[in-house]
Amino acid sequence: MKNNNKYIADVINRRTFLQKSSLGLGSLALGSILNPNSLFGKSAPISYPNFPPKAKRVIYLFQSGGPSQLETFDYKPTLEKRHGQELPDSVRMGQRLTGMSAGQSSFPLAGSHYKFARYGQSGTFVSELLPYTSEIVDDLCFIKSLHTEAINHDPAITFFQTGSQQPGRPSIGSWLNYGLGSDNENLPSFIVLVSKNAGGQPLYARLWGNGFLPSKHQGVQFRSGKDPVLFLNNPDGYGNRDRQEMLSHLKDLNSAQFEMFGDPEINNRISQYEMAFRMQTSVPEVTDLSDEPDWVFDLYGEDSRNPGTYAANCLLARRLIEKDVKFVQLYHQGWDQHNSLPKGIQNQCKATDQASAALVKDLKQRGLLEDTLVVWGGEFGRTNYSQGKLTKDNYGRDHHPRSFTMWMAGGGTKPGFSFGETDEFGYNVIKNPVHVHDFQATLLHLMGINHEKLTFKHQGRRYRLTDVAGEVVKEVLI
């Protein structure tokens, strides 16, 4: 047994030596030519961006649950005129239903409970539920023809965030971190904020996970409270000098392990420990909003003074991108109105409308919107028919993957512009369809990345965020 262990160790050592001797000097020389920053602590790979980016950073306001496009941005007067009438079979065309409405024998059309009006020089229709968003429509680029294959929450959110309905792939923020690296070595390049007490469908850490990419590319969730990042603070009676000494010894042990086994994940572990140590100073500084003036809190709304709310997270997102964090993902749950939609969506809009608009205004007045891409949207839309009983003042809407609306702002997108169109029933896309992979390809393009070239080899196959599909939607670009 002892001889076998010695043989295995010798093989590992020989393999490691050959790898290092044949690739080490060449890799170092190539790295110094293609990415000199990597020799000075930067983490960006050597081949990206592929071309000059329009956006340097992204704030993605993910509205989890599927906001109804018919109560927000996709105005359909036909639904008001035909309220209560049956959805024509020629419109539905046999689309599969979820388990929530599959048992219905009737599918009555439901007009929006809320009024729409045109706003801005662009004349964009916006619901009365979104008075603050109506003020910034000339800064927004709407895509009203998004569609997806997924009809239930988990696969639909996973699809948007990772490019696959099945879990296990890297998230969009991880892909960007892998492709572009970090511009601030004291904060993670990919940070996640989740609204507290929002309720609704559950969220999973794998939505911002690194999948098969190295673990240093995973998103780091910031929480409200005295410990924004778990296990970051020192234990009682343990100072920074103690921690620094511990990390030094731990690095020596990990380096010795790397010398023996050559596992690159060991080096990722070392870099994460070191980042955590630097974050002990940088995180409290960036999450402390006490230095913000009153007019900023007034802009974002009273909730912005309450850490962990959607409004406070929007304000924090602005502070993070000012520190050169590349990708900030906000998740706000509670948009899943299968019943009592008029009341439920009113509450959701009240919690998010002012802060979403304030973020765009704030970035613009600071000169940051031009190279910051802001994205607002959920995983799918809602049906034009009522789920459950339809009354004069109440109805619900089921999941609808065939058509829904998102908006983007800044970062090289056309302001005051709407792209795509649905039929008069708001059910099918009839002009300029945009698939989830098209949206992902466009986002990467704005960040200077050709989505077909950002790949990672795993289990013998090269993977990418857009899988084997996706076209850049050039019409929405400046």
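The values are calculated or read from the model by the stated rules, or taken from the named source; none is laboratory data. Note that this is a predicted model, so its numbers are computed, not measured. In this analysis, Cβ positions are derived from the backbone assuming ideal geometry, glycine residues included, and neighbour counts consider all displayed protein chains.
Observations on the model:
Conditions (1) modelled with pLDDT of 95 or more; (2) among the aromatic types (Phe, Trp, Tyr), marked per residue:
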{"site": "33", "(1), (2)": "no, no"}
{"site": "46", "(1), (2)": "no, no"}
{"site": "50", "(1), (2)": "no, no"}
{"site": "59", "(1), (2)": "yes, no"}
{"site": "77", "(1), (2)": "yes, no"}
{"site": "107", "(1), (2)": "yes, yes"}
{"site": "110", "(1), (2)": "yes, no"}
{"site": "118", "(1), (2)": "yes, no"}
{"site": "128", "(1), (2)": "yes, no"}
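- Out of 157, 151, 136, sole residue that is touching a His at 6+ places or on another chain (Cβ under 7 Å) and either farther than 18 Å from residue 57 by Cβ or surrounded by fewer than 19 Cβ atoms within 10 Å (Cβ to Cβ) (or both): 151
- Exactly one residue out of 212, 142 is within 19 Å of the chain's Cα centre (by Cα), over 30 Å from residue 463 (Cβ atoms) and not in a helix (DSSP H, G or I): that is 142.
- Selection count, region 456-466, where residues are in a loop (DSSP other than H, G, I, E, B) and either surrounded by 14 or more Cβ atoms within 10 Å (Cβ to Cβ) or aliphatic (A, V, I, L, M) (or both): 3
- Cross-chain or 6+ apart pairs with Cβ under 6 Å, region 63-91 first and farther than 15 Å from residue 398 by Cβ, then among the charged types (D, E, K, R): 74/144; 78/424
- Residue check for residue 313: among the polar types (S, T, N, Q), without any contact (Cβ under 8 Å) to a residue 40 or more places away in the chain and closer than 25 Å to residue 59 by Cβ: no
- Selection over region 351-370 of residues that are without any contact (Cβ under 8 Å) to a residue 12 or more places away in the chain and part of a helix (DSSP H, G or I) gives a count of 1.
- When region 430-455 is filtered for residues that are of a type outside the set (D, E, K, R), assigned to a loop (DSSP other than H, G, I, E, B) and in contact (Cβ under 8 Å) with a residue 60 or more places away in the chain, the ones remaining, listed by number, are 432, 433, 447, 448, 449, 450, 454.
- Leading residue by the ranking (surrounded by the most Cβ atoms within 10 Å (Cβ to Cβ)) among those in region 59-117 that are among the basic types (Lys, Arg) and in a loop (DSSP other than H, G, I, E, B): 76
- Subset tally (residues that are under 27 Å from residue 211 (Cβ atoms) and free of Cβ contacts under 8 Å to residues at least 60 places away in the same chain) for region 250-307: 19
- Residue 85 falls short of the stated requirement of being at pLDDT 95 or above, assigned by TED's automatic domain parsing to the domain that holds residue 144 and within 30 Å of residue 414 (Cβ to Cβ).
- Odd one out for residue 200 among (1) over 13 Å from the mean Cα position of the chain (by Cα); (2) within 27 Å of residue 445 (Cβ to Cβ); (3) among the small types (Gly, Ala, Ser): (2)
- Filter result for the condition that a residue is at pLDDT 95 or above, surrounded by fewer than 23 Cβ atoms within 10 Å (Cβ to Cβ) and farther than 18 Å from residue 72 by Cα, over 432, 428: 432
- Filtered residues of region 467-478 (kept if closer than 19 Å to residue 420 by Cβ and surrounded by fewer than 21 Cβ atoms within 10 Å (Cβ to Cβ)): 469, 471, 472, 474, 475, 477, 478
Matching residues to (1) in the same structural domain as residue 372 (by TED's automatic domain parsing); (2) polar (S, T, N, Q); (3) at pLDDT below 80:
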residue	(1), (2), (3)
249	no, no, yes
253	no, no, no
273	no, no, yes
326	yes, no, no
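- Breaking point among (1) within 19 Å of residue 274 (Cβ to Cβ); (2) aliphatic (A, V, I, L, M); (3) touching a Leu at 6+ places or on another chain (Cβ under 8 Å), for residue 247: (3)
- Enumeration of residues in region 116-139 that are under 24 Å from the mean Cα position of the chain (by Cα) and free of Cβ contacts under 8 Å to residues at least 24 places away in the same chain: 134
- Among residues of region 293-350 being of a type in the set (D, E, K, R) and part of a loop (DSSP other than H, G, I, E, B), the one that is nearest to the chain's Cα centre (by Cα) is 326.
- Selection from region 315-340 of residues that are in contact with a Phe, Trp or Tyr (Cβ under 6 Å, 6 or more places away or on another chain) and either surrounded by fewer than 19 Cβ atoms within 10 Å (Cβ to Cβ) or of a type outside the set (Ser, Thr, Tyr) (or both): 315, 327, 329, 332
- Condition check for residue 373: in contact (Cβ under 8 Å) with a residue 12 or more places away in the chain and not in a helix (DSSP H, G or I): yes
- Test: residue in region 169-190 that is farther than 23 Å from residue 442 by Cα, at pLDDT 95 or above, outside any loop (DSSP other than H, G, I, E, B) and of a type in the set (A, V, I, L, M): no
- Condition met for residue 199 (surrounded by 14 or more Cβ atoms within 10 Å (Cβ to Cβ) and in contact (Cβ under 8 Å) with a residue 60 or more places away in the chain): no
- Residue match in region 225-241 (condition: under 30 Å from residue 362 (Cβ atoms), under 23 Å from the mean Cα position of the chain (by Cα) and outside any loop (DSSP other than H, G, I, E, B)): no
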